Every structure is written in structure tokens, then in C-alpha cells.
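Notes for the one structure printed next.
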Amino acid sequence: MRPQKGKQKIFDAAIKLFAQQGYFATTIEEVTKEAGVSKGLVYNYFVSKEDLLSALIVQSTERMESIALTLDPTASLDEALSVFIENLFNFLQSEKQFLKLQLTLMLMPELQEIIGNEQRHRAKMLLKITHNWFEQAAVPHPKHKARLFLALLDGVALHYLAIYDRYPLKSMKTHLMKTAKDLCKPQEQGISK
């Protein structure tokens, strides 16, 4: 088995078990069994269950960063937003189980030491990328609008992942696209940078 394939099997097993049983109720032995790998391989990658959880969050941050970087400053506004929103929605659908798990974990005070720093890093990174894109696209008040845009995306994600069983994600693409384009227009006044 190729090393990265084994690591991914461990990630997939951990996500499944953490989501089904809860993080605290899941043991490394159960992850090992679910992944179909040796305990030694798990400990080759991770020194503890906390380290495994932290690595899962880091991997998710890296994937979110790659999606954020699809905001191409050389593309037209419509094209850049369309590609970005499509990639984001595909990510929400393909990683729904893990993203729901992350929402749950975020709210657990006892896990903030393990995942809190990475989540803050992720938020700052996403704001920086989005702000830079808004700035390069000559959007007025880019930092405020980047924050508003990210809050809008967070709201859609929260509704899809945790609030509504049948959230109309596909039909939201058109509405989100229109709202994002309206947000980029230079019509607002009175907001400072």
C-alpha cells in the first residue's frame, strides 16, 4: 500500500467513526480496524488521536485554501465568481460528512486547544485571499465586502450542512452569484476601508 493511500484510509475511517460515534467515544484501535491498516501505520503518521484530529483539520484547511485560490484576479468578475462558487459547492457536497463533523467539533470547548488555532488560521487565510481578490478586482471597500462575502458563504454552508435536511444548494448558486456580483458593484457609500 502506498504511504499516502494508507494515510487517506486512516483519515476516511476517522471521519466516519468520529461522525458516527463522536470524537471522544472513538478509539485509535477502532480507527485502525475501520481503515484496515496496522496500528503501527497509524502511529507512524500520528502520535495520538488528537494529532490525527489536528491533521484532519489541517487537510481541510489546505483544501479550502485551494478553492479560495480559484478566485482568479485575471478572470472576469462573472467567470471568477462562477468558478469559485462551483468549486465551493462541489466541496460542500463531496465533504458534507466531514464538514458537519467540523461544525460540531468547533463548538466543543474541550477541543479548542487542538483545533482552535488551525480554525483561526483558516479564517485569516480565507479573509486575506478574498480581500486580495476583491482589491485586485477594484471592488470598493474590499476588506468589508470580503468579510460580508465570507459571512454569506458561511451562512449558506451552515444552512446546507446543519440546519435544513433538504437545503436547495443547487438553486442557491444563481442567487449567490447575483448577490456576489451586486456586492462587487461600486454603489454603496459611507463605508470606510
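The values are calculated or read from the model by the stated rules, or taken from the named source; none is laboratory data. As the structure is a computational prediction, the values presented were derived from the model and not from experiment. Backbone-built Cβ (ideal geometry, glycine too); neighbour counts: all protein chains shown. For accessibility, only protein heavy atoms count, side chains too; no ligands or nucleic acids. Shrake-Rupley method; radii C 1.70, N 1.55, O 1.52, S 1.80 Å.
Which pairs have Cβ atoms under 6 Å, sit 6 or more apart or on different chains, and link a residue in segment 77-96 that is closer than 15 Å to Met177 by Cβ to one that is among the β-branched types (Val, Ile, Thr)?
Matching pairs, first to second residue: Val83/Thr70; Phe84/Thr70; Asn87/Ile67; Asn87/Thr70; Leu88/Ile67.
Given the condition out of contact with any Asp or Glu (no Cβ under 9 Å at 6 or more places or on another chain), over 20 Å from Ser66 (Cα atoms) and of a type in the set (Gly, Ala, Ser), answer yes or no: does some residue in segment 93-104 qualify?
No: zero hits.
Taking only segment 137-169 into account, find how many residues are under 23 Å from Ala19 (Cα atoms), assigned to a loop (DSSP other than H, G, I, E, B) and either open to solvent by less than 30 Å² (accessible area, probe 1.4 Å) or touching a Lys or Arg at 6+ places or on another chain (Cβ under 9 Å) (or both).
Looking only at that region, the number is 0.
Yes or no, residue by residue, for (1) touching a helix residue (DSSP H, G or I) at 6+ places or on another chain (Cβ under 9 Å); (2) of a type in the set (A, V, I, L, M, F, W, C):
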site	(1), (2)
Met106	yes, yes
Gly116	yes, no
Lys124	no, no
Val139	yes, yes
Lys143	yes, no
Gly155	no, no
Met172	yes, yes
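Can you confirm whether Ser38 is in contact with a helix residue (DSSP H, G or I) (Cβ under 8 Å, 6 or more places away or on another chain), at pLDDT below 95 and open to solvent by less than 40 Å² (accessible area, probe 1.4 Å)? Write out each step before concluding.
Working: in contact with a helix residue (DSSP H, G or I) (Cβ under 8 Å, 6 or more places away or on another chain): yes; at pLDDT below 95: yes; open to solvent by less than 40 Å² (accessible area, probe 1.4 Å): no.
No: the conditions fail for Ser38.
Determine whether segment 72-93 contains at least one residue that is surrounded by fewer than 17 Cβ atoms within 10 Å (Cβ to Cβ), within 22 Å of Glu50 (Cβ to Cβ) and out of contact with any strand residue (DSSP E or B) (no Cβ under 6 Å at 6 or more places or on another chain).
no
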